[in-house]
Structure formats: structure tokens, C-alpha cells
Amino acid sequence: MRTTVRQRIRRCQTARAVAIFFLLATTVKAEDGYRLWLRYDLLPQPAISSYRPHLASLVVPGSSATLVALRTELANGCARLLGATVPAAVGVDRDGAIVVGTPQSSSYINSLKWDRQLADLGPEGFRIRSLRLGNHSVTVIASQSEVGALYGAFYFLRLMQTLQPIASLNVRERPRLQLRMLDHWDNLDGSIERGYAGKSLWNWNGLPDRIDPRLRDYARANASIGINGSALNNVNANAQILTADYIRKVAAIAGVFRPYGIRVFLSARFSAPIDLGGLKTADPLDPDVAAWWKTKANEIYKAIPDFGGFLVKANSEGQPGPRTYGRTHLDGANMLAAAVAPHHGVVIWRAFVYDNKPGYDRAGAAYAELQPFDGKFAPNVLLQVKNGPIDFQPREPFHPLFGGMPKTQMMPEFQITQEYLGFSNHLVFLATMWREFLNSDTYAKGRGSTVTKVTNGSLDHQRITGMAGVANTGSDRNWTGHDFLQSNWYAFGRLAWNPDVDSRTIANEWIAMTLTHDRVTAATLARIMLESREAVVDYMTPLGLHHLFWGGHHYGPAPWWNTEPRNDWNPVYYHRANAEGIGFDRTATGSNTVSQYHQPVRDQFSNLNTCPENFLLWFHHVAWDHRMRSGRTLWDEIARHYQRGVDWVRATRRDWDALSDKIDPERHAAVAKKLTIQERDAIWWKDACLTYFQTFSKRPLPAGVEQPAKTLEEYKAKSLTW
Ligand code: GCW
């Protein structure tokens, strides 16, 4: 059959249209993880039907950047969740209006006379209430501030994303902590120290003129979980960030973040007065040095009026600091604090300091160095302390500085990025680890003096409170390298907003928003997430073992490692395995750093019989044949933990494979691939550690523990690649 030219053209056009359609369909549907927990996919029909009557119009007056962002978010979110537009309206003219704003931005909210109630919730808190305005039933989302209203809008969207009822709401929310920060260890060349999800999100070369649209999505994601601060550069800081050129770039980023309530902070290199200012010294007590910092602070605040302040790593791992000049951490922190105080800025001084004296215990270093300064820091200084006394290990007891410095403003530092937890290859949900830390009882003022209470300021009437997480974000399309590890960013934000929230709630929310509404699938995923951290502890560092990692990159096992220039960077320093047993004696017969804890915690940890077994080898050097509570010997118990960890990963792979028709193919395949790596690594950990420790224990592996496939020499020869 002959075709006419016209027919051929039409066919071509149709083919092109079909191609474009598919292209669009696939781009729109791409499940590459980019949308995080803000997917806003169409809800199940029953939910839509129940929400629809309460979402008849959006009454969000105002033209400020925050109110525009809020209106856009609500309009997009509602439209996509419900599959129909929710019109914007000027006034409340029907039932089901959503009225959002502040008493200043909305005359409706003003008319409610909620000033006192809103004031009680603070500038970032909000109220959501179903009520009648005139003749209409409406939902009001109100706050003292526009950013508070934005938080309320995200909360409201989350209710729908997690299929909660919205018909009769009476919500009062306020953040328990003031500074809820992500710390980025981003270098100015685009690399990220301990980053496993691509390059830095800050395109320094293009800034300030070219602003990556992704910055806005970063800000949206953070605002949705209440994060309100971002320290942009590595604490191993390059002084260049403080030059006029970079300040302009930072100001451009701050401009994108501002509508979302996020303030920027910078890591300051202590030697900047020398590096940039041409001074001979950076001595904090030198008047020229103090003046240089004051001028620098003024310059920054001129460009960024809401600049948060400086984050400082001083005299730690080769960084310059006040001690370089014979001064103290106190001198350094207070000098910088004076520079930012006129602008209401803060100085966040890191407590991650440790010396390399012969025979000392690194776990006690920060306490020894900083505790004596309790009560002496300026009112705008916070001490940022890692959750554990060593360094972001899979399990550490809480840092004794919590509860140890009642007159100092303490701010926990978590590591969201998984330096010691399998990078972005291992599925580990960190909320349970952070919960364990926050729940720890310091006994500083008797029973119930939990780390949460130290952190939220209720124990010691702290004026400024906060929490920081070292970010796991990067330029990878899915932000965090592994789809599940988005949940750790999410969890951090939720805990910084409310350190009392439980891990299951966080997991359930995240799963519903990010992966599925299917109940059975969600239950499996929640179980996997909640179990995952203990599994990693099992296959990496069970029973209080720590720092068994390959030198430098910290991926994979190397318990034999003893070649680092500092002995406290070597695994052998930490596990101390010998013919008698294994573990670090931190009791009175050893380093006695256990004495940094209050009673009765100190006694509990000190006594072999009362020390929790999951911290046993953290505090004690224990004989291989020591009887554990299970009745097994220590050696057998160690071996069984390693095996249990491996078994868990295998079972999880099977569980995940069985969900192939419940999760979109793209993310299912991506996670499946990661789980393969996790299984390989778990086996490697078990085999390398047991083979090595066996050279000391000289005992066979107990029944049920699989024999390692290789020789110790083979494990030593090859670093795991990732
Ligand atoms: O965990 C260690 C890391 C360093 C890091 C340091 C710190 C930024 O190995 O890469 O440096 O902690 O927290 O300062």
C-alpha cells in the first residue's frame, strides 16, 4: 500500500509524540531518589476522598519569599497528593479552606487573637487547628514567624503523606532545640571529607552568579524537618572561605536558604589572621588578632546579616589553635565569641581534641582538656561534643562531658555520614544509635539526668541549645549515595527538633513518605531499619570493641593495623588483644578514664559483673574464657556476634528480594546492589577479625560459626574497595 506524504508526515509526528511522551513519562517517573521524602505521589483513593473536603482552598496571603515558598509547597504538595489542584483564594469563602500565616500576614489569624498561645510556642513553633471561621470550617496553620508557619505547612503535608487524619486537628509544636544544624565537611575544591555521595553541593566556582537550583531543594528538604543551620565548609578549614570573594559566594547561598529559615555558619581556621591578614601571630590574647577577627566578623555580617557564627576545630589533628600560642581553648573560644557577639552570633567550639602523650587514653582526652573550663565560656559559646568519647564508632558509651560540664552549653555532634559504618554501602538506620545515646543517664543530678535533658537545656538551664549532624549529602542524584540513608538525614532533623521522638516513629514516617504505604511492606522495612544498627555492631565491633578499621579511609576491617604515626590511630591500641584476653582496661587498674563518669555509672561500668556487655571490651580487658551472661565464653560469644551480623545481612537480602514487586524497580535494584556489597563486607569483617583474634585466643570457632575462606595474610593483603 502506498502512503501519501501527508500520511508519512503524520506518522512521523505521531512517532515523535509517542517518543516524547515516553521520554517525559520516564523522566517524570524516574525513581532516582532525588525527591527524598518530599515525593508527594498520589495518595490511595480512600485517603484522597477523606482529605478532599478539608482541602478546598489555600488562603496564604503575603508576598515575602518565605510565604511564597510556603504557598508553592502547599499548592504543589496538595495537588500532587490529591491529583487535583487546590485553588489559592484571597478569602475564606467555603468550608475546607486552609488558612496559613502569622498574625501579621493574615487578617484571619490576627482575628483569632492567638498572640499568647503562639508566643508560648516560640518564634519557630506553630499551631494547627481545625475550627470555624465565620460560617466555615477551616484548618488554620499559624505561627509567630513565617518560617514557623512554613514548618507548620510541612507538618500538615506530612500528616497526609503518612495517611493521618486531618479532620479535627489540634497540634501545638515547637522545636526543643534552637540550633539544628548540618555540618558539611566540604572542601573548597568540591571534595567532601568523609563524603560518600559525590561532590559538594556548593558550586564555589560558579557562585555567586550561578546558583544551582538544587540548593533550593536542599533547603526545602531541611526546612521540612526543621533543620535551621548549615555549616558550609570542612572543620579542617581553609582560611580562604573568609576572603571577600568567598563571603560573596556564601552570601549567595545564604540568600537561597534564608526563606527556608536556614542560616549559614562557617568553619573558621584559627590561623586566618596570619593566613589572610598577614599578622605574625594568631595568639588569641594579642589585641591585633582580636581586632582582626572583629573586623572580619563585621565584614561577614554586613554581607550576611543573619550569619550564624563560627564553628571551630582547634588544636586537633594538626589544626592550628590557641594552644599553638600557649593559650587555652577557653582563650580561643572567648576571643572569637567577642567578635560575633555584637551581631548575636555564636561560636561553636568542638571538643574533639586529643593529645598524643605516651601512655594516655584517647577516650579521656577531651574531658581532661575541657572540663576544667566549665562555667568560663562566654554566653554565646557552645561546646560541640561527639556522642562518644572516641570517634563516631558503631557503638560508644556516651561522652562523659555530657553531665560533666553543667555550666557550659553542650551541643551533641552526630555523624550522619557513615565514616565508620560502611560508607554509603551499608544499610544502617542511625536513629536507634542516637536514641541510645540520648537516653543514656548521666546521673549528673541523680537518676533521670539523661543526655536528652543535658541537651535540651532542662537539666542545667542552658540558654542556647543545639544539635549538629555531619551531613551525608552530596551531588549524587539520590543525595546520600544509598536510598535508605536518606532516612538518617531525616532522622537527624526529627531528633534535633525533638530529641524525645522514638526511632520507630521516625522510621515509619520516612517509609510512608519515601517508599510505600503498603502496610505489610512497611512493617518489614521498619523492622529491617530498626535492627540494622545492631547488626552492623555485630559484624564490625561487637561487645564494646572499637576502631578496628583500616587506616586512613576507615572502610573495612584491619584489627592488625599498627603502622599509623600516632598509636591512637591504630586498631591494636584499642583492642589490646593478647594471649590472656582482649579489650581496653579503662578502670582503676587501667587508664581509669571511667572515673570521668558520675556515680553510679562509674561503678556500673567499672565492675565486670555489672558492665553492660555491649560495652564490656570498651572498659575491660577480659579473659578469653570469661563466662558471659549467656554461659558461653567470651571467645565464643565474640564469634557468635560476628556470625549473627552476617546472618542478618543475608536474611535482609532475602527480605528485600522478596519485595521486588512492592518497590519501584529502580530503587529496588539500587538497594539490592548495595546489599550485595554489605553482605560481602560483613563476611569480610567476620572472617578478618576472627582469623586475626584467633591468633591470640588459640581457640576453635564454636559450632554454627562459618570457617573463614582465606588466610590472615590474604585478609591483610587487601583493603576492601568500595
Ligand atoms: O572522625 C575523624 C575523621 C576526620 C575528621 C575528624 C573530626 C574532619 O576521620 O576526617 O576531620 O574526625 O571530627 O574533626
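Summed over the range 242-256, the residues that are surrounded by fewer than 24 Cβ atoms within 10 Å (Cβ to Cβ) and either part of a loop (DSSP other than H, G, I, E, B) or not basic (Lys, Arg) (or both) give a count of 10. Scanning the range 116-147 for residues being assigned to a strand (DSSP E or B) and among the hydroxyl-bearing types (Ser, Thr, Tyr) gives a total of 3.
Take Asn472 and decide whether it is open to solvent by 10 Å² or more (accessible area, probe 1.4 Å), within 16 Å of the ligand (Cβ to nearest atom) and under 19 Å from the mean Cα position of the chain (by Cα).
Working: open to solvent by 10 Å² or more (accessible area, probe 1.4 Å): yes; within 16 Å of the ligand (Cβ to nearest atom): yes; under 19 Å from the mean Cα position of the chain (by Cα): yes.
Answer is yes for this residue.
Scanning the range 458-469 for residues that are open to solvent by 50 Å² or more (accessible area, probe 1.4 Å) and either within 16 Å of the ligand (Cβ to nearest atom) or in contact (Cβ under 8 Å) with a residue 60 or more places away in the chain (or both) gives a single hit, Arg463. Put simply, of Arg194, Arg172 the only residue that is within 16 Å of the ligand (Cβ to nearest atom), open to solvent by 30 Å² or more (accessible area, probe 1.4 Å) and either assigned to a loop (DSSP other than H, G, I, E, B) or of a type in the set (Lys, Arg) (or both) is Arg194.
What residue, of Leu215, Leu182, is among the aliphatic types (A, V, I, L, M) and either within 16 Å of the ligand (Cβ to nearest atom) or at pLDDT below 95 (or both)?
Leu182
Of a type outside the set (Lys, Arg), away from the ligand (no atom under 16 Å from the Cβ), under 23 Å from the mean Cα position of the chain (by Cα) and open to solvent by less than 10 Å² (accessible area, probe 1.4 Å): is that true of Leu232 in this structure? If you could, list the steps in order and put the result at the bottom.
Details: of a type outside the set (Lys, Arg): yes; away from the ligand (no atom under 16 Å from the Cβ): no; under 23 Å from the mean Cα position of the chain (by Cα): yes; open to solvent by less than 10 Å² (accessible area, probe 1.4 Å): yes.
It is false that Leu232 is of a type outside the set (Lys, Arg), away from the ligand (no atom under 16 Å from the Cβ), under 23 Å from the mean Cα position of the chain (by Cα) and open to solvent by less than 10 Å² (accessible area, probe 1.4 Å).
Is at least one residue of the range 384-397 assigned to a loop (DSSP other than H, G, I, E, B), within 16 Å of the ligand (Cβ to nearest atom) and among the aliphatic types (A, V, I, L, M)? Among the residues of the range 384-397, at least one is assigned to a loop (DSSP other than H, G, I, E, B), within 16 Å of the ligand (Cβ to nearest atom) and among the aliphatic types (A, V, I, L, M), which makes the answer yes. Apart from one condition, Lys280 fits all of (1) basic (Lys, Arg); (2) buried (at least 17 other Cβ atoms within 10 Å of the Cβ); (3) more than 16 Å from the ligand (Cβ to nearest atom); (4) over 29 Å from Gly255 (Cα atoms); the exception is (2).
Listed here are the residues, each with its yes/no results for (1) surrounded by 15 or more Cβ atoms within 10 Å (Cβ to Cβ); (2) in contact (Cβ under 8 Å) with a residue 60 or more places away in the chain; (3) away from the ligand (no atom under 16 Å from the Cβ); (4) under 23 Å from Val264 (Cβ atoms).
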position: Pro284; (1), (2), (3), (4): yes, no, yes, no
position: Pro287; (1), (2), (3), (4): no, no, yes, no
position: Tyr301; (1), (2), (3), (4): yes, no, yes, yes
position: Leu330; (1), (2), (3), (4): yes, no, yes, no
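Limited to the range 335-344, what total is found for residues that are crowded, with 23+ Cβ neighbours inside 10 Å and within 28 Å of the chain's Cα centre (by Cα)? Here the count works out to 2. When Asp568, Asp603 are checked against the criterion of being surrounded by fewer than 16 Cβ atoms within 10 Å (Cβ to Cβ), on the phi < 0 side of the Ramachandran plot and assigned to a helix (DSSP H, G or I), Asp603 stands alone in meeting it. Residues in the range 59-94 that are of a type outside the set (S, T, N, Q), touching a residue at least 40 places away in the same chain (Cβ under 8 Å) and assigned to a loop (DSSP other than H, G, I, E, B): Val60, Pro61, Gly62, Gly83, Val92, Asp93, Arg94.
Only one of the listed residues (Gly318, Gly326) is farther than 19 Å from Val381 by Cβ, small (Gly, Ala, Ser) and within 16 Å of the ligand (Cβ to nearest atom). That residue is Gly318.
The values are calculated or read from the model by the stated rules, or taken from the named source; none is laboratory data. Note that the coordinates shown come from a computational prediction; the quantities given were computed from them, not determined experimentally. Heads up, the Cβs are rebuilt from the backbone with ideal geometry, glycines too, and the neighbour counts pull from every protein chain shown. Heads up: the accessible areas ignore ligands, DNA and RNA and are worked out on the full protein's heavy atoms, side chains in. Shrake-Rupley method; radii C 1.70, N 1.55, O 1.52, S 1.80 Å.
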